[in-house]
1. Cβ-Cβ under 6 Å, sequence separation 6+ or interchain: first residue in the stretch 88-105 and in contact (Cβ under 8 Å) with a residue 12 or more places away in the chain, partner part of a loop (DSSP other than H, G, I, E, B) and β-branched (V, I, T). Which pairs?
2. Filter the stretch 66-95 for residues that are open to solvent by 50 Å² or more (accessible area, probe 1.4 Å), among the hydrophobic types (A, V, I, L, M, F, W, C) and modelled with pLDDT of 95 or more and give the result.
3. Return the residues of the stretch 97-124 that are within 18 Å of L81 (Cβ to Cβ), open to solvent by 30 Å² or more (accessible area, probe 1.4 Å) and either of a type in the set (V, I, T) or assigned to a loop (DSSP other than H, G, I, E, B) (or both); say none if nothing qualifies.
4. So which residues in the stretch 77-96 are assigned to a strand (DSSP E or B) and acidic (D, E), if there are any at all?
5. Restricted to the stretch 1-41, and to residues that are over 17 Å from S132 (Cα atoms) and hydroxyl-bearing (S, T, Y), which residue is modelled with the lowest pLDDT?
6. Got a sec? Which strands (runs of 3 or more DSSP E) wholly within the stretch 9-76 have at least 2 residues that are hydroxyl-bearing (S, T, Y)?
7. For residues that are under 11 Å from the mean Cα position of the chain (by Cα) and without any contact (Cβ under 8 Å) to a residue 60 or more places away in the chain, tally how many sit in the stretch 64-79.
Amino acid sequence: MVPSAEPRQQESAGPLVTWAATDPDSRQFSATERRSGDADLAARFTALRSRGQGYLEVRLPGSAFPVLALGFRGDAAVIHLFDAAEKSSLLVGDGTAAVDAVVRVPIMDDLAVFSGDCVVAVDRAWGLVRDSIRTGAPGELGEWRKL
């Protein structure tokens with residue numbers, strides 16, 4: 001994510017969160033961070049969901065890490081956890097896709113290939129991201145596989 005040069009935006013309802021996401025109109029990832037309430041992030045997710053795919057990165061304000069990254073296409077999603085600049089993990093899948101399936105989801109502007117064992121249902125993935133925002137503890141969302 002690229003820090004925003006703009007002053008802090010007015011907080012909307014919900015916990016304050018820093019995020020970057022795919023632009024719903026251009027379908028390109030915008031790395032410029034926004035700082036807003038989680039309602040603005042939810043609106044962006046909903047817009048992307050209605051278009052069938054998207055990518056977003058989320059962290060709490062005040063620290064560079066941890067960052068959760070959610071890429072989804074259709075009903076399949078993959079969640080990365082970045083604990084530090086060179087330390088990342090994938091959330092273990094929930095059985096949405098067969099373990100040996102090949103699934104493509106957007107990571108920034110490219111479709112990346114993942115095996116089914118790290119795919120979760122998109123609605124569950126979004127719920128986990130929201131839980132992480134509320135608790136500030138993304139590492140507790142489930143089982144993680146270090147990369």
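The values are calculated or read from the model by the stated rules, or taken from the named source; none is laboratory data. This is a predicted model, so every value here is computed, not measured. So basically every Cβ, Gly included, is an ideal-geometry build from the backbone, and we count neighbours across all protein chains shown. Remember, those area values only see protein heavy atoms, side chains included, never the ligands or the DNA or RNA. Shrake-Rupley method; radii C 1.70, N 1.55, O 1.52, S 1.80 Å.
1. G93/V119; T96/V119; A97/V119; V103/V119
2. Listed by number, the list holds a single entry, F82.
3. Hits for the stretch 97-124 are I107, M108.
4. D83, the sole residue that qualifies.
5. Here the residue is S4.
6. 16-22, 29-37
7. So the answer is 6.
Residue-wise test of (1) surrounded by fewer than 19 Cβ atoms within 10 Å (Cβ to Cβ); (2) out of contact with any Phe, Trp or Tyr (no Cβ under 7 Å at 6 or more places or on another chain); (3) hydrophobic (A, V, I, L, M, F, W, C).
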position	(1), (2), (3)
T32	yes, yes, no
A43	yes, yes, yes
L48	no, yes, yes
V58	no, no, yes
